[in-house]
Amino acid sequence: MKIYKFLTYRKSVLYIAIFIAAILSLSVVFFSRFMYRDAAAVYAYMSRALWNGNYAEAFHPNIPSLNVLLSWLLSWSGLSPEQALTAVSCIFYIFTIPFLYRLLICFTSERLAAIGCLLFATAPKIIRFFCTSIIDSGKIFFLVMGLYYGYLLIKEEFKSWRLGLLFGISLGGLSLARSEGIGNAAVLCACLGVYYIMTVMKTRRISQIQSWIAVLSAWGILLLSRMLVIWLNCGSFIYDQRISRGIQGLMHRTTDQGVNATETVARVSWGHLMNQMLRGSYELYFVLIVTGILLCCFPSNRFWFNKKSPEFIRWNPFYWVLIIVVLSNALIFKLSDIAAYRYFLLNIPVLMIFIVIGLDWCWQWMSKWFSPVILYSAFGVMIFFQILNGMERFFSEEAKQEYTAGLELREMLKNENPPPRIWFRDASAEWYYSGLPRAVAIETPPKPANTFSEFDYALMYSDEKDMEILCQRQDLQEIPLSDNHTLRLFKKVK
């Protein structure tokens with residue numbers, strides 16, 4: 001009975017969520033060698049380059065450097081660059097939880113807010129990408145922070161310049177965390193701008209300008225910091241090279257209609273985009289999201305088991321901001337013509353209010369047939385298996401083999417002088433752990449397998465599409481590797 005009371009106490013669930021996130025983070029930072037391909041080839045590589053003082057490789061005009069810079073600070077504690085980068089991602093993951101709690105209690109009970117934090121902390125796809133050296137957790141942290149302070153600004157009718165400063169810092173952090181974050185920040189700022197105009201129309205006077213000065217100043221200073229880092233290390237005073245090129249291309253097509261007449265086929269269809277949004281929302285949670293939205297739109301007592309709809313289950317005007325943030329994020333990636341489901345993980349915390357409403361509705365109906373002990377036990381089992389699902393790859397045999405293969409490669413080629421340049425594609429984790437130079441720079445288009453020759457060794461998986469071409473090349477000699485992985489190593493001999 002004491003355990004039951006402890007688990008149903010609102011703050012206990014919140015503390016459990018933070019504790020779980022902290023334990024998962026510590027276990028991955030210190031005991032896992034798993035790395036995603038993007039992390040090994042880009043972010044961890046940049047982090048290691050910064051630690052080694054190689055600034056030319058540590059910064060890139062296409063890649064946000066916030067996590068890399070923060071990892072450099074953590075590396076002084078004795079963590080390796082990849083461990084420090086993972087720790088930065090995990091810190092954002094953990095710190096998102098209290099901000100999400102504060103945001104949720106603006107709309108629902110403290111008990112459901114705490115449960116929402118637990119659902120966030122244990123969502124398999126959140127764990128899978130936030131306890132790694134991928135940079136997505138920073139974006140979601142600053143987005144949730146921005147939604148919270150933005151809501152408080154609206155409630156205070158934009159009277160507090162301190163809230164404006166914190167909201168501006170949130171927008172700036174959102175812009176620094178990922179490049180498309182500037183679009184998310186602009187949408188969020190525009191939503192608050194609409195609320196401000198409505199406030200002005202309501203009071204019939206323009207006032208509280210100091211809060212907007214604080215917002216724009218904080219946001220602008222943080223944007224400027226990124227531009228200065230790119231300028232000092234890359235020679236271009238820009239926010240992001242890809243965005244700058246996209247704007248230039250758009251202006252060129254607009255002003256010179258006859259030059260670029262070739263039509264391009266979009267890589268991301270609307271169907272593919274919707275599928276990735278669904279996966280990013282986590283399918284189980286998505287059902288609850290739809291349920292919660294419907295309950296808020298149609299708050300009828302007859303839909304509830306006890307024939308009484310909870311008072312907080314009503315459509316709040318701020319919910320439109322949440323919906324706009326989610327839809328505009330999808331539009332950004334549709335225009336960018338790229339869509340991986342991890343880009344839509346923000347749907348989980350942003351729409352968490354609908355998830356907990358849907359869960360509460362399901363819980364009340366199930367309590368008609370099942371006792372609280374059975375329901376709490378089933379919920380605990382679900383949480384347990386979600387954690388196992390999220391942690392599966394971190395301690396997999398595949399991750400161990402990638403690390404071992406990298407060490408084998410390092411040992412095999414350690415006596416070559418100068419250190420050989422490695423050409424790789426999917427085998428980025430093995431290459432990273434070898435510590436050897438790369439033959440192809442970051443953000444370089446794929447090289448043709450039949451003609452590319454500016455490398456000393458090629459490291460490829462046996463099932464990669466160009467493996468047959470490499471095997472037929474006369475200037476390559478295969479070097480045997482151990483049998484515990486599917487890698488193949490080719491030495492350039494001519």
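The values are calculated or read from the model by the stated rules, or taken from the named source; none is laboratory data. What you are looking at is a predicted structure, and each value in this text was computed from that prediction instead of being measured. Methodologically, a virtual Cβ is constructed for each residue, glycine included, from the backbone with ideal geometry; neighbour enumeration extends over all protein chains shown. These area figures cover heavy atoms from the full protein model, side chains too; ligands, DNA and RNA do not enter into them. Shrake-Rupley method; radii C 1.70, N 1.55, O 1.52, S 1.80 Å.
Among residues of the stretch 449-460 that are touching a residue at least 12 places away in the same chain (Cβ under 8 Å), those with a Cβ under 8 angstrom from a residue that is surrounded by fewer than 12 Cβ atoms within 10 Å (Cβ to Cβ), sequence gap 6+ or separate chain, pair up as Ser453/Asp475; Asp456/Glu416.
Considering (1) under 24 Å from Phe92 (Cβ atoms); (2) assigned to a helix (DSSP H, G or I), the lone condition that Tyr239 does not fulfil carries the number (2). Across the stretch 265-297, the qualifying residues are those that are loosely packed, with under 11 Cβ neighbours inside 10 Å and either part of a loop (DSSP other than H, G, I, E, B) or among the polar types (S, T, N, Q) (or both), and the one among them that is modelled with the highest pLDDT is Arg267. Of all the residues in the stretch 57-79, those that are at positive phi and not in a loop (DSSP other than H, G, I, E, B) number 0.
Which of the residues belonging to the stretch 102-147 are open to solvent by 10 Å² or more (accessible area, probe 1.4 Å), more than 26 Å from Ala40 (Cβ to Cβ) and part of a helix (DSSP H, G or I)? Once the filter is applied, which keeps residues that are open to solvent by 10 Å² or more (accessible area, probe 1.4 Å), more than 26 Å from Ala40 (Cβ to Cβ) and part of a helix (DSSP H, G or I), the stretch 102-147 yields Arg102, Glu110, Arg111, Ile115, Leu118, Met145.
Selection of the stretch 9-49 for residues being within 13 Å of Ile442 (Cβ to Cβ) and either in contact (Cβ under 8 Å) with a residue 12 or more places away in the chain or not in a helix (DSSP H, G or I) (or both) yields Arg37, Asp38, Ala39, Ala40, Ala41, Val42, Tyr43, Ala44, Tyr45, Met46, Ser47, Arg48.
Counting only residues that are outside any strand (DSSP E or B) and open to solvent by less than 80 Å² (accessible area, probe 1.4 Å), the stretch 451-485 holds 17 of them.
Of the residues making up the stretch 177-186, those that are closer than 27 Å to Leu85 by Cβ and either assigned to a helix (DSSP H, G or I) or in contact with a His (Cβ under 7 Å, 6 or more places away or on another chain) (or both) are Ala177, Gly181, Ile182, Gly183, Asn184, Ala185. Can you name the residue in the stretch 359-403 that is open to solvent by less than 70 Å² (accessible area, probe 1.4 Å) and among the aliphatic types (A, V, I, L, M) and, of all such residues, is farthest from the chain's Cα centre (by Cα)? Taking the candidates together, the pick is Leu375. Every listed requirement among (1) open to solvent by less than 70 Å² (accessible area, probe 1.4 Å); (2) of a type in the set (A, V, I, L, M, F, W, C); (3) in contact with a Cys (Cβ under 8 Å, 6 or more places away or on another chain); (4) under 21 Å from Asp136 (Cα atoms) is met by Leu345 save one, (3). For the stretch 46-67, a residue qualifies if it is more than 19 Å from Leu223 (Cα to Cα) and open to solvent by 30 Å² or more (accessible area, probe 1.4 Å), and the qualifying residues are Arg48, Trp51, Asn52, Gly53, Asn54, Tyr55, Ala56, Glu57. Within the stretch 187-234, the residues that satisfy the criterion of being open to solvent by 40 Å² or more (accessible area, probe 1.4 Å), assigned to a helix (DSSP H, G or I) and among the polar types (S, T, N, Q) are Thr203, Gln210, Ser217, Ser225, Asn233. Of all the residues in the stretch 404-435, those that are open to solvent by 60 Å² or more (accessible area, probe 1.4 Å), closer than 19 Å to Ala49 by Cα and either in contact with a strand residue (DSSP E or B) (Cβ under 7 Å, 6 or more places away or on another chain) or among the aromatic types (Phe, Trp, Tyr) (or both) number 1.
Regarding Leu436, is this residue free of Cβ contacts under 8 Å to residues at least 24 places away in the same chain and in contact with a helix residue (DSSP H, G or I) (Cβ under 9 Å, 6 or more places away or on another chain)? When the stated conditions are applied, Leu436 does not pass them.
Mind listing whichever residues of the stretch 380-432 are among the acidic types (Asp, Glu) and under 30 Å from Cys117 (Cα atoms)?
Going through the stretch 380-432, the residues among the acidic types (Asp, Glu) turn out to be 392, 397-398, 402, 408, 411, 416, 426, 430.
The answer is Glu392, and nothing else.
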